[in-house]
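The structure appears right after this line, and notes come after that.
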């Protein structure tokens, strides 16, 4: 698997690069798998592709405090990220890994791999809900998926030293909640994984055997996606569907 350790200066560029890596893999006509790691340089809010932004985000407060609110190409609810939250993106081939062809099985495949990598370092790590990772009943990772014909993008958050009060500050209580949340407010539901970021990064690289340098990353694809979507209010504030872009809608997250 290829490895790309790259954080760009603009939040929109970072989100667009995840999608650009998926598009590039899909365009090659042969499997290409990648693990990318990055970490936002400032707090950001990222909503799911079909999120109703004002139902999930304290939009006015974000605007007053200069926190960008952006939309990703995969499903699920809003998240807050920033320094202390490691972001990962996996581009995986459904040809090489037939289990990925069903969305529910893809969640289990990726999350079971992550649990196997992290549990030796932090006892009690397990899958919860549809697409969460938790320490016991405390969530430290939310994940979502975007599928194309031959590849998928699986990406998510890994909290390790994040100011958890920001989640409650910028996000409303979600309408849909996994059973294990039991109605808890954000601050009582989330936790940081007690690992140094260097250990966390090494565990992900080893779990996916991501040893090949990516090489020239798809900058032009990224810039085009920023221009077409990630810099546009219609994308970030609206509810554009996958069908509007001529793609089947295959996305799901907890």
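Taking the conditions exactly as written (within 22 Å of residue 38 (Cβ to Cβ), in a strand (DSSP E or B) and touching a residue at least 40 places away in the same chain (Cβ under 8 Å)), does residue 152 satisfy them or not? Against the criterion (within 22 Å of residue 38 (Cβ to Cβ), in a strand (DSSP E or B) and touching a residue at least 40 places away in the same chain (Cβ under 8 Å)), residue 152 qualifies.
Condition (residue is modelled with pLDDT under 90, farther than 26 Å from residue 2 by Cα and surrounded by fewer than 19 Cβ atoms within 10 Å (Cβ to Cβ)) applied to region 220-239: is it met by at least one residue? Yes, the conditions are met somewhere in region 220-239. Only a single item in (1) within 24 Å of residue 230 (Cβ to Cβ); (2) modelled with pLDDT under 95 is not met by residue 145, and it is number (2).
With respect to the conditions (1) modelled with pLDDT under 95; (2) over 30 Å from residue 168 (Cβ atoms); (3) within 20 Å of the chain's Cα centre (by Cα), residue 246 falls short on a single one, namely (3). Taken together, the residues in region 33-43 that are crowded, with 22+ Cβ neighbours inside 10 Å and assigned to a strand (DSSP E or B) amount to 3.
Taking residue 190 as meeting all but one of (1) in contact with a strand residue (DSSP E or B) (Cβ under 7 Å, 6 or more places away or on another chain); (2) closer than 30 Å to residue 136 by Cα; (3) surrounded by fewer than 18 Cβ atoms within 10 Å (Cβ to Cβ), write down the number of the exception. It is condition (3) that residue 190 fails. Among residues of region 155-167 being under 16 Å from the mean Cα position of the chain (by Cα) and in a loop (DSSP other than H, G, I, E, B), the one that is farthest from residue 91 (Cα to Cα) is 162. Within region 121-141, the residues that satisfy the criterion of being in contact (Cβ under 8 Å) with a residue 24 or more places away in the chain, assigned to a loop (DSSP other than H, G, I, E, B) and farther than 25 Å from residue 31 by Cα are 121, 122, 129, 130, 137.
Does region 168-194 hold any residues that are under 19 Å from the mean Cα position of the chain (by Cα), assigned to a loop (DSSP other than H, G, I, E, B) and under 15 Å from residue 157 (Cα atoms), and which are they? Selection gives 191, 192, 193. Among the candidates 21, 90, 15, 86, the residue that is touching a residue at least 60 places away in the same chain (Cβ under 8 Å), touching a helix residue (DSSP H, G or I) at 6+ places or on another chain (Cβ under 7 Å) and farther than 22 Å from residue 195 by Cα is uniquely 15.
The values are calculated or read from the model by the stated rules, or taken from the named source; none is laboratory data. Quick caveat: nothing in here was measured; it's all calculated off a predicted structure. Every residue, glycine among them, receives a Cβ derived from its backbone with ideal geometry; neighbour counts consider all protein chains shown.
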